[in-house]
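Read the structure below first, then the notes.
Derivation of every value follows stated rules applied to the coordinates shown; laboratory data play no part. This is a predicted model, so every value here is computed, not measured. Cβ sites come from the backbone with ideal geometry, for glycine too, and all protein chains shown count toward neighbours.
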Amino acid sequence: MVLGGSLVALSGCQAATDTADAPTPSMDPEVDAILDRRATALANEDAPGWLAAVDAGNPALVAHEKQVLANLRQLAPEQVRFRRCGRGPDPVAPGRYASSLPLQSIAYDVDLTMRLPGVDAAATTVRHRYVFGRVDGAVTLVDVARGAAVGGEPVPLTDCPWDTCALQVRRRPGVLLAAQSDVDNADALAEVAAQAVTELRRDWGENPLPESFAVFVAADTDTFRGWFGGAAPDWTDGVTVAVRRAGAKDSGDGRYAGTRIAIDLPASRTAGSPYETIKRQLGYAAGLAMLPASPRPASLPGAAEIGAPLWAVEGFAQYLAGRDSSAVRGRAQTRLRAARLAAEPELGAEPELAANPSFYAAPARSTNLALASSLFQFVAGRYGHRRARELYLAAVTRPAGKSAEPDPQAGLAGALARAGLVGASQADAASTDFYAQWRHFVLRS
């Protein structure tokens, strides 16, 4: 699932144009002044300045704007800018907080550009649709719209955690953790996340990682499902979303700016533990920074068009999640046993890795995940963690001038040869010692 959500796919707006000949008289200059004042107010922690142009007669909207300001203050973004970049449909319909609108109202698409220090390599962009109207003669923010259309496709707006619920932010080395206010153990979760980041840095070796990771924790599944354009598949307890640089195009290099990790806290506890979920998502986040450029930034799990084999991306992340926890490894072993029982009639000389288009498809999804993870568990057990990491890197970083290998078995063969785990002449021979030993590892699970 490659996303077109507000945080994910929007790369900045086109140059705004004055549209004074529209049916409603233009408010462009006044709106620009309001947006500039909001950016200044956020930088100066000036609540009256932030709320100055908000419709005081709409308590729900005022409460929402106070909440957004409080959340952004805690996140402490840099390079903040609000930019008007177009208009919504005319006439304007009421959105999230108003039941009716002033006669003279205009919906404006507004991009919020900001950078989370330590997390983002560059500023990123989030799109909102604000409704401005004339109240007692003054241009006023009267509502926040529910959605917009970008490139002909519906795009959810204001679906970021800081725009949808009250947050409590905790900072630890390597982690910016923002939990929904209903989460009662944010401090403990921040410590768990910091531990997982420390382990990831050790596991990742000399490969580059960001200074810090942004982890958002939802207290309930409905809230989690609404974040980041509904990025998370309905079967997962977490999702990691790649975000692009502000102003980046749909093609070319330099688009990746960072990631946002979202955790469904109740689901993570049901599936195993928050530690396991966070550690796995950190593996995704580290991997997304290394993947070849794709037409749009992606999310994991769930994306098929990420320019790299999912058996490697998922398998390595699942393996990393269990490297420091016997409980996590035990659950992985149980899943592998179930996968082996499901696949045994077809298990020939080598376990079958799934191709990207079918990797997440039910009912084979759990089998595909378990077999991919077993590959890296086997390599680490036989050759050591460094060789497992080298196999992963060989699989996700393509040789110059070559496209991704669509056949996962051929892709594995090439990666094994590039990682030096088998000889180049033996890479596609199912009878080699490597394949026989991996098969034995799966069968004895």
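Quick rundown of the values:
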read-out: Neighbourhood net charge (10 Å Cβ-Cβ; Lys/Arg +1, Asp/Glu -1) for V328; value: +3
read-out: Around L167: net Lys/Arg minus Asp/Glu count, Cβ-Cβ under 12 Å; value: 0
read-out: Residue exposure sequence - W204, W438 - by fewest surrounding Cβ within 10 Å; value: W204, W438
read-out: Charge sum, other residues only, whose C-beta stays under 10 Å from A419's C-beta, Lys/Arg counted +1 and Asp/Glu -1; value: +2
